[in-house]
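Participant: One structure, pasted below without further comment.
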Amino acid sequence: MSEQWSNWSGSVKGRPDMVASPQSLNDLIQLVKRCASTGKHMRVVGAGHSFVPLVETEDVLISLDNLQGIESIDRDAGTVTVWGGTRLKLLGDALFAHGLAQENLGDIDSQSIAGAISTGTHGTGARFGTLSTQVAGLTLVTAAGEVLECSPDNNPEIFKAAQVALGLLGIIVKVKLRVVAARRMHYQGMRKKLDDCLDNLSNYKQNNSHFEFFWFPYTDGVQAKFLNESSAPVSKSTLWGQFNSIVLENGVYWLLSEACRLLPRLCKTVCHISAQAIANVDVTNYSHRLFTTPRLVRFQEMEYNIPAQHLPDVLNEIRQCIDQQQFRVHFPVECRFVRGDDIWLSPAYQRDSAYVAVHMYRGMPYRAYFQYIEAIFRRYDGRPHWGKMHTRTAEELAALYPHWQDFRRVRATLDPAGLFLNSYLRALFDTDSAAEHASSPINAAQESL
């Protein structure tokens, strides 16, 4: 019997018939051809940090962990070509060794670069796009086992579709990234009030390179984070600083989360404890070391993209909803900012955006909470993050993305037999044949939410 696979949060489990880790590009090509010839389906997994069944399969699960590292650097063009399985932490360290860095990152660095691109992963900063906007070219292994190069100048239509494609157009084996010179950042973290953040939103976004905040429900407390380029030397590491980031922010929070799981009535108290315990942070370090933070406490998550101007109204509605419904939640609401782009399936397509994420500790009930909050996002033209929980149907998503049918056309052309589909993705992107399968779009989505 095959071994059970689970994603990071435990929301998705499955038993693939085979898990393969090709050692080379040629190995991968041969594997794709064998699967296509036998009618098997295949999905590619990175770190398993998506909360929905993007890679769930009963057939072949592919890991690109053996295809990692920098292949080449073009300093004149300001680009590097990296293997698709490269984990972001490894990439940050490897780029730094060459005096380079990615211009922005999300807050978790365990994902593969191919997986981060495929789901529209983002960091924060009103002048910065998602990680997919850093992509200057992609190398795909198609369902036919062919190697396809795409960029703004080479197969440009496929390139726009492939920048955020959920692994539906082929396997991303190489990524050409635009990079910048490694630089130091000054990180300041502090406690603020939610109303202060909302009243000064424009100032905080425009006058800081990177700004985000976390609001703790049932309180007025916000943990605000500001990052800006700096010429100051790297702050000396202290045992207290390491203890605070690893033990306090993860170990103690895990204990508090377990207490909430066992005694849900403690959630409000933990929110107040967390809000009062927000520490002032003042650190200078290189960007790849500050963008990301350890995430050892596991949770379920829903995140939506909304037009940036609607954030104050959305947060006020979320605050009212939580107060009215008295949800047993102690995780903060996370707010980040992203510049609009022109990528077909990017949630930030053609709009400067705010991303709002809600979380629930793993093992605690989350469906009602997420569904009430999702209803608020819907009212503000919200687009779900592709790797986070949601209940949007194919019809609803098509109305949110002007290039939805263009994407479906490119997908059908590159993979007419559906080699890279699973039941969840078929229900969303192959709706012409979805009725022939057991999962409907709404059921496939609701299994995760």
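Read the figures in this text as sums done on the coordinates, not as results from a lab. This is a predicted model, so every value here is computed, not measured. Using ideal geometry, Cβ is built from the backbone for each residue, glycine included, and neighbour counts are taken over all protein chains shown.
Participant: Under a straight-distance cross-link criterion of Cα-Cα below 24 Å, which lysines are reachable from LYS225, leaving out those fewer than 8 residues away in the same chain?
Facilitator: LYS89, LYS192, LYS193, LYS205, LYS236, LYS268, LYS388
Participant: Here's something else I'd like to know. Can you pull out the GluC sites (Glu not before Pro) in segment 1-100 whose DSSP state is coil and whose Cβ has at most 10 other Cβ atoms within 10 Å? Could the numbers behind the result be given before it?
Facilitator: Values: sites: GLU3, GLU56, GLU58, GLU71; in loops: GLU3, GLU56, GLU58.
Here the sparse-neighbourhood loop sites are GLU3.
Participant: On to the next question. Sequence gap at least 6, Cα distance under 8 Å: using those rules, report the relative contact order of segment 184-384 to the nearest whole percent.
Facilitator: Value for segment 184-384: 26 percent.
Participant: Now a separate question. In which sequence would LEU255, LEU315, LEU421 go, from the one with the fewest C-beta neighbours within 10 Å to the one with the most? Numbers along the way, then the final one.
Facilitator: Details: LEU255 11, LEU315 21, LEU421 25.
Listed from fewest to most nearby Cβ atoms, that is LEU255, LEU315, LEU421.
Participant: So how do MET190, MET360 line up by other beta-carbon neighbours within 10 Å, fewest first?
Facilitator: MET190, MET360
Participant: What are the residues whose amide H is under 5 Å from the amide H of HIS186, where those residues sit 5 or more places off or on another chain and H is modelled from the backbone?
Facilitator: Under 5 Å from the amide H of HIS186 lie the amide H atoms of ASN228, GLU229, SER230, each far enough along the sequence or on another chain.
Participant: Also: If you plug each phi of segment 12-28 into the Karplus form 6.51 cos²θ - 1.76 cosθ + 1.60 with θ = phi - 60°, what whole-Hz ³J(HN,Hα) values come out, in order, with x for Gly and Pro?
Facilitator: 10, 9, x, 10, x, 5, 8, 10, 10, 10, x, 8, 8, 4, 5, 4, 5
Participant: Taking the Cα centroid of segment 186-221 and of segment 9-54, what is the distance between the two, rounded to the nearest whole Å?
Facilitator: Cα centroid to Cα centroid, the span is 40 Å.
Participant: Further question on the same structure: Could you work out the relative contact order of the chain, using alpha carbon pairs under 8 angstrom and six or more residues apart, expressed as a whole percent? Before the final figure, lay out the partial values.
Facilitator: Details: 941 pairs, mean separation 77.9, N = 449.
Relative contact order for the chain comes out at 17 percent.
Participant: When DSSP beta bridges are limited to those with both residues in segment 1-131, what percentage is antiparallel, rounded to the nearest 5?
Facilitator: Working: 7 of 14 bridges.
That works out to approximately 50 percent antiparallel.
Participant: Can you sort THR292, THR269, THR391 from fewest to most other Cβ atoms within 10 Å of each residue's own Cβ?
Facilitator: Ranked by crowding around the Cβ, least crowded first: THR269, THR292, THR391.
Participant: While we're looking at this one, here's another question. Percent antiparallel among DSSP beta bridges with both residues in the chain, to the nearest 5?
Facilitator: 90
Participant: Which whole-angstrom value gives the distance between the alpha carbon centres of segment 138-180 and segment 254-304?
Facilitator: So the separation of the two Cα centres works out to 36 Å.
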